[in-house]
Amino acid sequence: MVALVIALALFFDFTNGFHDTANAMATPIATGAIKPKTAVALAAILNLVGAFLSTEVAKTVSGGIIREGTDGVQITPEIIFAGLMGAVLWNMITWLKGLPSSSSHALFGGLIGAAIAGIGFSAVNFETLMQKVILPAVFAPLIAGLVAYLCTRLAYSLTSRHDPETGDKLTQKRGGFRTGQIFTSSLVALAHGTNDAQKTMGIITLVLIAAGTQEAGTGPQFWVISACALAIAIGTYSGGWRIIRTMGSGLTEVKPAQGFAAETSTASAILASSHLGFALSTTQVASGSVIGSGLGRKGTSVRWGTAGRIAIGWLFTLPAAGIVGALTAVLVGTGTVGVVIAAVAGFAAVTYMLLHSRKSSVGSHNAVEVESAGQAVRFRKKKSMKSKGTKAKGTQS
Amino acid sequence: MKWLELVTVAGATLVSALVVVTLYSLGVRLTAIAGDTTAARPRSVKYLAFACFGLCGLAVLFGLYLIIPYFGA
(Lines give C-alpha, C1' and ligand atoms only; values in the text may rest on other atoms or scores of the structure.)
Protein backbone atom coordinates (compact mmCIF):
# COMPACT_ATOMS: atom_id res chain seq x y z
CA MET A 1 0.00 0.00 0.00
CA VAL A 2 2.76 2.44 0.93
CA ALA A 3 4.60 1.67 -2.31
CA LEU A 4 1.41 2.21 -4.29
CA VAL A 5 0.83 5.57 -2.64
CA ILE A 6 4.40 6.68 -3.27
CA ALA A 7 4.11 5.68 -6.92
CA LEU A 8 0.86 7.61 -7.21
CA ALA A 9 2.39 10.60 -5.45
CA LEU A 10 5.31 10.62 -7.85
CA PHE A 11 2.88 10.39 -10.73
CA PHE A 12 1.06 13.39 -9.30
CA ASP A 13 4.38 15.21 -9.20
CA PHE A 14 4.92 14.29 -12.81
CA THR A 15 1.51 15.68 -13.82
CA ASN A 16 2.30 18.76 -11.82
CA GLY A 17 5.45 19.45 -13.78
CA PHE A 18 3.66 18.50 -16.96
CA HIS A 19 0.79 20.82 -16.17
CA ASP A 20 2.41 23.89 -14.68
CA THR A 21 5.98 24.56 -15.53
CA ALA A 22 5.45 24.96 -19.21
CA ASN A 23 3.71 28.19 -18.28
CA ALA A 24 6.99 29.61 -17.08
CA MET A 25 8.69 29.00 -20.37
CA ALA A 26 5.82 29.89 -22.70
CA THR A 27 6.43 33.64 -22.77
CA PRO A 28 10.15 33.62 -23.50
CA ILE A 29 9.59 31.08 -26.25
CA ALA A 30 6.84 33.27 -27.66
CA THR A 31 8.94 36.41 -27.68
CA GLY A 32 11.81 34.50 -29.22
CA ALA A 33 14.08 35.05 -26.24
CA ILE A 34 15.12 31.44 -26.02
CA LYS A 35 15.03 28.39 -28.26
CA PRO A 36 12.23 25.97 -27.35
CA LYS A 37 14.50 22.97 -26.78
CA THR A 38 16.81 24.95 -24.55
CA ALA A 39 13.89 26.46 -22.67
CA VAL A 40 12.36 23.11 -21.83
CA ALA A 41 15.64 21.57 -20.77
CA LEU A 42 16.43 24.63 -18.67
CA ALA A 43 13.04 24.53 -16.99
CA ALA A 44 13.47 20.86 -16.17
CA ILE A 45 16.94 21.34 -14.70
CA LEU A 46 15.87 24.36 -12.67
CA ASN A 47 12.89 22.51 -11.28
CA LEU A 48 15.24 19.78 -10.21
CA VAL A 49 17.51 22.30 -8.51
CA GLY A 50 14.62 24.22 -7.01
CA ALA A 51 13.24 21.10 -5.41
CA PHE A 52 16.43 20.71 -3.42
CA LEU A 53 16.61 24.31 -2.27
CA SER A 54 13.95 24.53 0.35
CA THR A 55 11.71 22.15 2.23
CA GLU A 56 9.53 24.64 4.08
CA VAL A 57 6.42 23.92 2.05
CA ALA A 58 6.89 20.18 2.41
CA LYS A 59 6.82 20.64 6.17
CA THR A 60 3.57 22.59 5.91
CA VAL A 61 1.96 19.81 3.92
CA SER A 62 3.28 16.95 5.98
CA GLY A 63 2.79 18.53 9.34
CA GLY A 64 -0.32 20.57 9.73
CA ILE A 65 -3.30 20.32 7.46
CA ILE A 66 -4.31 16.87 8.51
CA ARG A 67 -3.81 16.10 12.16
CA GLU A 68 -1.46 13.22 12.45
CA GLY A 69 0.30 11.70 15.40
CA THR A 70 -0.87 10.68 18.83
CA ASP A 71 -3.15 13.58 19.73
CA GLY A 72 -4.80 13.66 16.33
CA VAL A 73 -6.58 11.00 14.36
CA GLN A 74 -4.71 8.14 12.84
CA ILE A 75 -4.31 8.90 9.18
CA THR A 76 -3.81 5.83 7.04
CA PRO A 77 -2.00 5.39 3.74
CA GLU A 78 -5.41 4.47 2.31
CA ILE A 79 -6.74 7.96 2.97
CA ILE A 80 -3.72 9.53 1.33
CA PHE A 81 -4.11 7.19 -1.60
CA ALA A 82 -7.71 8.33 -2.01
CA GLY A 83 -6.72 11.98 -1.75
CA LEU A 84 -4.00 11.58 -4.34
CA MET A 85 -6.39 9.82 -6.66
CA GLY A 86 -8.72 12.81 -6.44
CA ALA A 87 -5.86 15.19 -7.14
CA VAL A 88 -4.44 13.25 -10.08
CA LEU A 89 -7.82 12.77 -11.74
CA TRP A 90 -8.82 16.41 -11.32
CA ASN A 91 -5.42 17.49 -12.63
CA MET A 92 -5.83 15.36 -15.71
CA ILE A 93 -9.36 16.61 -16.34
CA THR A 94 -8.42 20.27 -16.08
CA TRP A 95 -5.36 19.68 -18.19
CA LEU A 96 -7.51 18.11 -20.87
CA LYS A 97 -9.99 20.98 -20.72
CA GLY A 98 -7.30 23.64 -20.59
CA LEU A 99 -8.55 25.16 -17.37
CA PRO A 100 -5.95 27.13 -15.47
CA SER A 101 -6.50 25.20 -12.29
CA SER A 102 -4.05 24.78 -9.52
CA SER A 103 -2.34 21.45 -8.94
CA SER A 104 -1.84 22.41 -5.32
CA HIS A 105 -5.50 23.00 -4.68
CA ALA A 106 -6.34 19.75 -6.40
CA LEU A 107 -3.98 18.05 -3.99
CA PHE A 108 -5.36 19.73 -0.89
CA GLY A 109 -8.93 19.26 -2.05
CA GLY A 110 -8.38 15.57 -2.65
CA LEU A 111 -6.74 15.05 0.71
CA ILE A 112 -9.37 16.99 2.60
CA GLY A 113 -12.20 15.18 0.83
CA ALA A 114 -10.62 11.82 1.53
CA ALA A 115 -9.97 12.66 5.17
CA ILE A 116 -13.54 13.85 5.73
CA ALA A 117 -15.06 10.81 4.03
CA GLY A 118 -12.67 8.35 5.62
CA ILE A 119 -12.37 9.74 9.12
CA GLY A 120 -14.68 12.69 9.66
CA PHE A 121 -14.53 16.44 9.93
CA SER A 122 -12.31 16.29 12.98
CA ALA A 123 -9.47 14.96 10.84
CA VAL A 124 -8.90 18.26 9.09
CA ASN A 125 -7.07 21.06 10.78
CA PHE A 126 -9.22 23.87 9.43
CA GLU A 127 -7.24 26.60 11.14
CA THR A 128 -3.96 25.58 9.49
CA LEU A 129 -5.83 25.06 6.25
CA MET A 130 -7.15 28.60 6.42
CA GLN A 131 -3.83 30.12 7.33
CA LYS A 132 -1.54 28.19 5.07
CA VAL A 133 -3.69 27.45 2.06
CA ILE A 134 -6.87 29.49 1.70
CA LEU A 135 -5.54 32.91 2.67
CA PRO A 136 -2.42 32.67 0.51
CA ALA A 137 -4.59 31.43 -2.33
CA VAL A 138 -6.68 34.57 -2.14
CA PHE A 139 -3.88 37.02 -1.55
CA ALA A 140 -0.98 35.63 -3.54
CA PRO A 141 -2.52 36.30 -6.98
CA LEU A 142 -3.58 39.74 -5.80
CA ILE A 143 -0.13 40.56 -4.48
CA ALA A 144 1.55 39.17 -7.58
CA GLY A 145 -0.88 41.04 -9.81
CA LEU A 146 -0.36 44.34 -8.03
CA VAL A 147 3.41 43.97 -8.04
CA ALA A 148 3.37 42.98 -11.70
CA TYR A 149 1.25 46.03 -12.47
CA LEU A 150 3.67 48.36 -10.71
CA CYS A 151 6.68 46.68 -12.27
CA THR A 152 5.25 46.92 -15.76
CA ARG A 153 4.49 50.61 -15.29
CA LEU A 154 7.96 51.13 -13.94
CA ALA A 155 9.69 49.18 -16.70
CA TYR A 156 7.79 51.10 -19.37
CA SER A 157 8.27 54.51 -17.84
CA LEU A 158 11.98 53.94 -17.25
CA THR A 159 12.58 52.87 -20.80
CA SER A 160 10.22 55.18 -22.68
CA ARG A 161 12.29 57.52 -24.72
CA HIS A 162 11.19 60.81 -26.17
CA ASP A 163 13.10 63.30 -28.19
CA PRO A 164 13.92 66.10 -25.76
CA GLU A 165 13.25 68.84 -28.33
CA THR A 166 10.33 67.71 -30.40
CA GLY A 167 8.73 65.35 -27.89
CA ASP A 168 8.43 62.68 -30.54
CA LYS A 169 8.82 59.07 -29.63
CA LEU A 170 12.24 57.67 -30.34
CA THR A 171 12.83 54.02 -31.07
CA GLN A 172 12.26 52.50 -27.70
CA LYS A 173 14.86 49.73 -27.94
CA ARG A 174 13.39 47.46 -25.33
CA GLY A 175 14.96 44.42 -26.92
CA GLY A 176 17.14 43.96 -23.86
CA PHE A 177 14.15 42.68 -21.98
CA ARG A 178 14.05 39.68 -24.22
CA THR A 179 17.42 38.56 -22.92
CA GLY A 180 16.25 39.37 -19.41
CA GLN A 181 13.32 37.05 -19.87
CA ILE A 182 15.68 34.10 -20.13
CA PHE A 183 16.71 34.80 -16.56
CA THR A 184 13.33 35.69 -15.15
CA SER A 185 11.62 32.66 -16.64
CA SER A 186 14.44 30.53 -15.28
CA LEU A 187 13.70 32.00 -11.89
CA VAL A 188 10.04 31.12 -12.28
CA ALA A 189 10.99 27.53 -13.07
CA LEU A 190 13.26 27.47 -10.04
CA ALA A 191 10.52 28.93 -7.88
CA HIS A 192 8.14 26.29 -9.17
CA GLY A 193 10.54 23.63 -8.00
CA THR A 194 10.81 25.18 -4.55
CA ASN A 195 7.05 25.28 -4.14
CA ASP A 196 5.39 22.54 -6.14
CA ALA A 197 7.85 19.68 -5.83
CA GLN A 198 7.58 20.25 -2.09
CA LYS A 199 3.95 19.29 -2.02
CA THR A 200 4.65 15.77 -3.20
CA MET A 201 7.52 15.48 -0.75
CA GLY A 202 5.11 16.48 1.96
CA ILE A 203 2.64 13.82 0.86
CA ILE A 204 5.21 11.03 0.73
CA THR A 205 6.50 12.08 4.13
CA LEU A 206 2.93 12.01 5.39
CA VAL A 207 2.58 8.45 4.09
CA LEU A 208 5.81 7.37 5.69
CA ILE A 209 4.69 8.89 8.98
CA ALA A 210 1.28 7.27 8.65
CA ALA A 211 2.89 3.91 7.94
CA GLY A 212 5.06 4.32 11.01
CA THR A 213 8.41 4.29 9.21
CA GLN A 214 9.16 7.89 10.05
CA GLU A 215 8.83 10.02 13.18
CA ALA A 216 5.95 12.48 13.17
CA GLY A 217 7.04 16.08 12.83
CA THR A 218 10.25 15.37 10.92
CA GLY A 219 11.12 16.74 7.50
CA PRO A 220 11.32 14.80 4.24
CA GLN A 221 14.11 12.29 3.79
CA PHE A 222 16.75 12.67 1.16
CA TRP A 223 15.58 9.92 -1.18
CA VAL A 224 12.09 11.42 -1.10
CA ILE A 225 13.47 14.81 -2.10
CA SER A 226 15.50 13.30 -4.94
CA ALA A 227 12.63 11.20 -6.27
CA CYS A 228 10.24 14.17 -6.24
CA ALA A 229 12.76 16.46 -7.86
CA LEU A 230 13.32 13.92 -10.62
CA ALA A 231 9.62 13.31 -11.15
CA ILE A 232 8.81 16.98 -11.52
CA ALA A 233 11.78 17.55 -13.82
CA ILE A 234 10.75 14.69 -16.09
CA GLY A 235 7.18 15.98 -16.08
CA THR A 236 8.38 19.43 -17.00
CA TYR A 237 10.48 18.09 -19.82
CA SER A 238 7.72 16.00 -21.36
CA GLY A 239 5.10 18.68 -20.82
CA GLY A 240 7.29 21.20 -22.53
CA TRP A 241 7.17 19.30 -25.79
CA ARG A 242 3.48 19.96 -26.04
CA ILE A 243 4.16 23.64 -25.70
CA ILE A 244 6.74 23.58 -28.44
CA ARG A 245 4.31 21.95 -30.80
CA THR A 246 1.78 24.67 -30.14
CA MET A 247 4.02 27.68 -30.32
CA GLY A 248 3.12 28.18 -33.94
CA SER A 249 -0.49 28.86 -33.08
CA GLY A 250 0.35 32.13 -31.39
CA LEU A 251 0.09 33.30 -27.85
CA THR A 252 -1.40 36.29 -26.19
CA GLU A 253 0.49 39.31 -27.25
CA VAL A 254 3.05 39.68 -24.52
CA LYS A 255 5.83 42.18 -24.96
CA PRO A 256 9.27 41.32 -23.61
CA ALA A 257 9.22 44.19 -21.11
CA GLN A 258 5.82 43.13 -19.87
CA GLY A 259 6.80 39.48 -19.71
CA PHE A 260 9.93 40.43 -17.82
CA ALA A 261 7.93 42.36 -15.24
CA ALA A 262 5.33 39.60 -14.89
CA GLU A 263 7.92 36.88 -14.47
CA THR A 264 9.93 38.85 -11.96
CA SER A 265 6.81 39.35 -9.85
CA THR A 266 5.80 35.70 -10.16
CA ALA A 267 9.22 34.46 -9.18
CA SER A 268 9.58 36.80 -6.22
CA ALA A 269 6.08 36.09 -4.95
CA ILE A 270 6.58 32.33 -5.12
CA LEU A 271 10.06 32.37 -3.66
CA ALA A 272 9.06 34.67 -0.83
CA SER A 273 6.09 32.54 0.11
CA SER A 274 7.91 29.22 -0.31
CA HIS A 275 10.43 30.54 2.11
CA LEU A 276 7.73 31.14 4.70
CA GLY A 277 6.10 27.80 4.04
CA PHE A 278 2.98 28.97 2.28
CA ALA A 279 1.81 26.29 -0.11
CA LEU A 280 0.40 28.54 -2.78
CA SER A 281 -0.49 27.81 -6.32
CA THR A 282 2.07 28.64 -8.97
CA THR A 283 -0.63 28.75 -11.60
CA GLN A 284 -2.64 31.30 -9.69
CA VAL A 285 0.33 33.53 -8.99
CA ALA A 286 1.40 33.40 -12.62
CA SER A 287 -2.14 34.19 -13.77
CA GLY A 288 -2.32 37.12 -11.37
CA SER A 289 0.98 38.45 -12.67
CA VAL A 290 0.00 38.11 -16.30
CA ILE A 291 -3.24 40.01 -15.73
CA GLY A 292 -1.50 42.63 -13.60
CA SER A 293 1.22 43.25 -16.12
CA GLY A 294 -1.33 43.40 -18.91
CA LEU A 295 -3.11 46.15 -17.02
CA GLY A 296 0.19 47.95 -16.54
CA ARG A 297 0.54 48.46 -20.26
CA LYS A 298 -1.14 51.46 -21.71
CA GLY A 299 -4.47 51.11 -23.43
CA THR A 300 -5.59 47.84 -21.95
CA SER A 301 -8.82 46.80 -20.32
CA VAL A 302 -9.81 43.66 -18.48
CA ARG A 303 -12.19 41.16 -20.00
CA TRP A 304 -14.05 40.55 -16.80
CA GLY A 305 -15.92 37.63 -18.30
CA THR A 306 -12.76 35.66 -18.93
CA ALA A 307 -11.27 36.67 -15.60
CA GLY A 308 -14.46 35.55 -13.89
CA ARG A 309 -14.35 32.21 -15.65
CA ILE A 310 -10.82 31.67 -14.36
CA ALA A 311 -11.86 32.63 -10.84
CA ILE A 312 -14.76 30.16 -10.92
CA GLY A 313 -12.37 27.46 -12.10
CA TRP A 314 -10.22 28.19 -9.05
CA LEU A 315 -13.19 28.00 -6.72
CA PHE A 316 -14.23 24.66 -8.13
CA THR A 317 -10.86 22.95 -7.92
CA LEU A 318 -10.80 22.34 -4.21
CA PRO A 319 -14.32 20.92 -3.80
CA ALA A 320 -14.20 18.96 -7.08
CA ALA A 321 -10.97 17.21 -6.22
CA GLY A 322 -12.39 16.78 -2.74
CA ILE A 323 -15.41 14.93 -4.06
CA VAL A 324 -13.27 12.58 -6.16
CA GLY A 325 -11.04 12.06 -3.12
CA ALA A 326 -14.03 11.39 -0.89
CA LEU A 327 -15.53 8.87 -3.32
CA THR A 328 -12.21 7.06 -3.56
CA ALA A 329 -11.93 7.08 0.23
CA VAL A 330 -15.34 5.44 0.55
CA LEU A 331 -14.36 2.83 -2.03
CA VAL A 332 -11.02 2.20 -0.35
CA GLY A 333 -12.78 1.92 2.99
CA THR A 334 -14.49 -1.28 1.87
CA GLY A 335 -11.21 -3.20 2.00
CA THR A 336 -8.57 -4.61 -0.31
CA VAL A 337 -11.05 -5.17 -3.12
CA GLY A 338 -11.97 -1.49 -2.97
CA VAL A 339 -8.34 -0.47 -3.18
CA VAL A 340 -7.84 -2.64 -6.25
CA ILE A 341 -11.01 -1.28 -7.87
CA ALA A 342 -9.97 2.30 -7.14
CA ALA A 343 -6.45 1.75 -8.45
CA VAL A 344 -7.64 0.03 -11.62
CA ALA A 345 -10.39 2.59 -12.24
CA GLY A 346 -7.98 5.47 -11.67
CA PHE A 347 -5.40 3.96 -13.96
CA ALA A 348 -8.02 3.35 -16.63
CA ALA A 349 -9.29 6.93 -16.37
CA VAL A 350 -5.79 8.36 -16.69
CA THR A 351 -4.99 6.12 -19.66
CA TYR A 352 -8.26 7.08 -21.32
CA MET A 353 -7.52 10.77 -20.85
CA LEU A 354 -4.00 10.40 -22.18
CA LEU A 355 -5.28 8.59 -25.27
CA HIS A 356 -8.01 11.16 -25.67
CA SER A 357 -5.50 13.99 -25.49
CA ARG A 358 -3.55 12.47 -28.34
CA LYS A 359 -6.61 12.45 -30.52
CA SER A 360 -7.73 15.98 -29.79
CA SER A 361 -5.72 18.71 -31.38
CA VAL A 362 -3.26 20.49 -29.16
CA GLY A 363 -3.76 24.21 -29.18
CA SER A 364 -2.47 26.96 -27.00
CA HIS A 365 -5.83 26.83 -25.23
CA ASN A 366 -5.08 23.50 -23.63
CA ALA A 367 -1.33 23.59 -23.42
CA VAL A 368 -0.66 26.96 -21.86
CA GLU A 369 -2.95 27.55 -18.97
CA VAL A 370 -1.84 31.01 -18.11
CA GLU A 371 -2.75 31.85 -21.68
CA SER A 372 -6.35 32.26 -20.68
CA ALA A 373 -5.26 34.67 -17.98
CA GLY A 374 -3.56 36.68 -20.67
CA GLN A 375 -6.74 36.69 -22.66
CA ALA A 376 -8.49 38.31 -19.77
CA VAL A 377 -6.72 41.50 -20.66
CA ARG A 378 -7.62 43.21 -23.89
CA PHE A 379 -4.75 44.87 -25.67
CA ARG A 380 -4.98 47.84 -27.91
CA LYS A 381 -3.84 46.86 -31.36
CA LYS A 382 -0.49 48.33 -32.09
CA LYS A 383 1.79 47.67 -34.98
CA SER A 384 4.89 49.69 -34.21
CA MET A 385 7.85 48.33 -32.26
CA LYS A 386 7.14 44.84 -33.39
CA SER A 387 9.71 44.40 -36.11
CA LYS A 388 12.29 42.89 -33.80
CA GLY A 389 9.86 40.51 -32.20
CA THR A 390 8.51 39.15 -35.44
CA LYS A 391 11.98 38.71 -36.79
CA ALA A 392 13.01 36.63 -33.83
CA LYS A 393 9.83 34.61 -34.02
CA GLY A 394 10.36 33.94 -37.69
CA THR A 395 13.82 32.53 -37.28
CA GLN A 396 12.88 29.85 -34.82
CA SER A 397 9.72 28.52 -36.38
CA MET B 1 -3.51 34.50 12.27
CA LYS B 2 -0.64 34.72 9.87
CA TRP B 3 -1.33 38.25 8.73
CA LEU B 4 2.17 39.34 9.60
CA GLU B 5 3.67 36.61 7.46
CA LEU B 6 1.36 37.55 4.64
CA VAL B 7 2.46 41.18 4.88
CA THR B 8 6.08 40.00 4.90
CA VAL B 9 5.50 38.02 1.73
CA ALA B 10 3.80 40.98 0.07
CA GLY B 11 6.56 43.35 1.12
CA ALA B 12 9.36 41.01 0.08
CA THR B 13 7.70 40.39 -3.27
CA LEU B 14 7.22 44.08 -3.90
CA VAL B 15 10.71 45.14 -2.90
CA SER B 16 12.55 42.37 -4.70
CA ALA B 17 10.53 42.65 -7.91
CA LEU B 18 10.83 46.43 -7.98
CA VAL B 19 14.58 46.35 -7.38
CA VAL B 20 15.15 43.81 -10.15
CA VAL B 21 12.88 45.56 -12.62
CA THR B 22 14.29 49.02 -11.88
CA LEU B 23 17.89 47.94 -12.28
CA TYR B 24 17.21 45.95 -15.41
CA SER B 25 15.12 48.72 -16.97
CA LEU B 26 17.85 51.26 -16.29
CA GLY B 27 20.30 48.88 -17.91
CA VAL B 28 18.08 48.55 -20.96
CA ARG B 29 17.64 52.28 -21.16
CA LEU B 30 21.33 53.02 -20.84
CA THR B 31 22.13 50.39 -23.48
CA ALA B 32 19.66 52.10 -25.74
CA ILE B 33 21.32 55.46 -25.14
CA ALA B 34 24.74 53.97 -25.72
CA GLY B 35 23.54 52.52 -28.98
CA ASP B 36 22.24 55.81 -30.30
CA THR B 37 23.98 56.79 -33.47
CA THR B 38 22.69 60.35 -33.61
CA ALA B 39 24.91 61.87 -30.98
CA ALA B 40 28.34 60.90 -29.78
CA ARG B 41 27.88 59.45 -26.33
CA PRO B 42 30.59 58.95 -23.79
CA ARG B 43 31.62 55.38 -23.42
CA SER B 44 30.86 55.52 -19.72
CA VAL B 45 27.14 55.15 -20.47
CA LYS B 46 27.78 51.68 -21.78
CA TYR B 47 29.71 50.71 -18.66
CA LEU B 48 26.98 52.17 -16.54
CA ALA B 49 24.51 49.93 -18.37
CA PHE B 50 26.65 46.89 -17.68
CA ALA B 51 26.87 47.96 -14.06
CA CYS B 52 23.08 48.04 -13.86
CA PHE B 53 22.78 44.54 -15.32
CA GLY B 54 25.47 43.36 -12.96
CA LEU B 55 23.76 44.85 -9.93
CA CYS B 56 20.50 43.30 -11.03
CA GLY B 57 22.14 39.89 -11.22
CA LEU B 58 23.67 40.40 -7.80
CA ALA B 59 20.29 41.38 -6.37
CA VAL B 60 18.81 38.13 -7.66
CA LEU B 61 21.70 36.09 -6.30
CA PHE B 62 21.41 37.82 -2.94
CA GLY B 63 17.70 36.97 -2.83
CA LEU B 64 18.50 33.32 -3.51
CA TYR B 65 21.24 33.42 -0.91
CA LEU B 66 18.71 34.58 1.66
CA ILE B 67 16.32 31.80 0.80
CA ILE B 68 18.57 28.75 0.51
CA PRO B 69 18.78 27.21 3.97
CA TYR B 70 22.25 25.86 3.27
CA PHE B 71 23.69 29.37 3.53
CA GLY B 72 21.24 30.62 6.11
CA ALA B 73 22.18 28.05 8.73
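The values are calculated or read from the model by the stated rules, or taken from the named source; none is laboratory data. Given the structure is predicted, the values throughout are model-derived calculations rather than measurements. Cβ sites come from the backbone with ideal geometry, for glycine too, and all protein chains shown count toward neighbours. What goes into the accessible areas is simple: the full protein's heavy atoms, side chains included, and nothing from ligands, DNA or RNA. Shrake-Rupley method; radii C 1.70, N 1.55, O 1.52, S 1.80 Å.
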Sequence ranges A:81-89, A:345-353, A:327-335, A:111-119, ranked by mean other-Cβ count within 10 angstrom, highest first: A:81-89, A:111-119, A:327-335, A:345-353
Peptide A:262-274: average number of partner chain Cβ atoms within 10 Å per residue? 6
A:Leu142 to A:Val337: FRET efficiency via 1/(1 + (r/R0)^6), r the Cβ-Cβ distance, R0 45 Å, to the nearest 0.05? 0.45
Solvent-accessible area buried by pairing B with A, both sides, nearest 100 square angstrom, 1.4 angstrom probe: 3100 Å²
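Applying a 10 Å radius around every beta-carbon, put B:23-34, A:311-322, A:182-193 in order of their mean neighbour count, most first.
Ranked from most to least packed, the peptides come out as A:182-193, B:23-34, A:311-322.
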